[in-house]
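What follows is a short report on a single structure.
The values are calculated or read from the model by the stated rules, or taken from the named source; none is laboratory data. Computed from a prediction, not measured in an experiment: that's the story for all the values here. Here Cβ is always computed from backbone atoms with ideal geometry, including for glycine, and neighbour counts include all displayed protein chains. Note: accessible area is taken over every heavy atom of the protein model, side chains too, but ligands, DNA and RNA are not part of it. Shrake-Rupley method; radii C 1.70, N 1.55, O 1.52, S 1.80 Å.
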Amino acid sequence: QVQLVESGGGLVQTGGSLRLSCAASRRYSMGWFRQAPGKEREFVAAISWVTSRTNYADSVKGRFTISRDTARNTVYLQMDSLKREDSAVYYCAAGSWSTESSAYEYWGQGTQVTVSS
C-alpha cells in the first residue's frame with residue numbers, strides 16, 4: 001500500500017502561480033491528473049522515478065513543470081501562467097509512467113485549484 005499526501009492547492013488569479021506537492025510513502029513513477037466539474041479526469045503531467053523522464057498534456061506544456069525530490073519521496077507540480085480553465089481538483093497518482101489513469105495504482109485525496117479572473 002502506498003500513501004499519497006497532497007498539498008498546495010488554493011485560489012489564485014489568472015496569470016498567477018501555484019505549486020502542488022505530493023509526498024509518497026514509497027518510490028513510484030508519479031503522475032498528476034485533474035478533474036473539473038462535469039468533465040472527465042484528464043492527464044496533466046508525469047515523471048518517471050527511474051529516469052526522471054517527464055511528459056505533459058499539450059494544454060499545460062510550457063506552463064507547468066513536474067519535478068521530484070528523491071530524498072523526500074515527493075513530487076511537485078509547479079503551475080505558472082494559470083488560466084481559468086486550469087481550475088479543477090488535482091490528483092497525484094503513483095504507478096507506471098503513463099498518460100493513462102489506469103496505469104496508476106494509488107491516488108491522493110485531491111486538492112482544489114481555483115483560478116479566478
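Once the stretch 97-112 is narrowed to residues that are open to solvent by 70 Å² or more (accessible area, probe 1.4 Å) and not aromatic (F, W, Y), the residue that is nearest to R34 (Cα to Cα) is Q112. The lone criterion from (1) aliphatic (A, V, I, L, M); (2) out of contact with any Asp or Glu (no Cβ under 7 Å at 6 or more places or on another chain); (3) not in a loop (DSSP other than H, G, I, E, B) left unmet by V113 is number (2). S67 satisfies every condition listed in (1) surrounded by 19 or more Cβ atoms within 10 Å (Cβ to Cβ); (2) in a strand (DSSP E or B) except (1). Just one residue in the set V115, V75 is among the aliphatic types (A, V, I, L, M), closer than 14 Å to Y28 by Cα and open to solvent by less than 50 Å² (accessible area, probe 1.4 Å); that residue is V75. If the condition is being more than 12 Å from F64 (Cβ to Cβ), open to solvent by less than 80 Å² (accessible area, probe 1.4 Å) and either at pLDDT below 95 or hydroxyl-bearing (S, T, Y) (or both), then the stretch 34-54 contributes S48, W49, S52. Screening the candidates S81, S59, S87 for the property of being touching a Ser or Thr at 6+ places or on another chain (Cβ under 9 Å), surrounded by fewer than 17 Cβ atoms within 10 Å (Cβ to Cβ) and under 22 Å from S17 (Cα atoms) yields one hit, S81.
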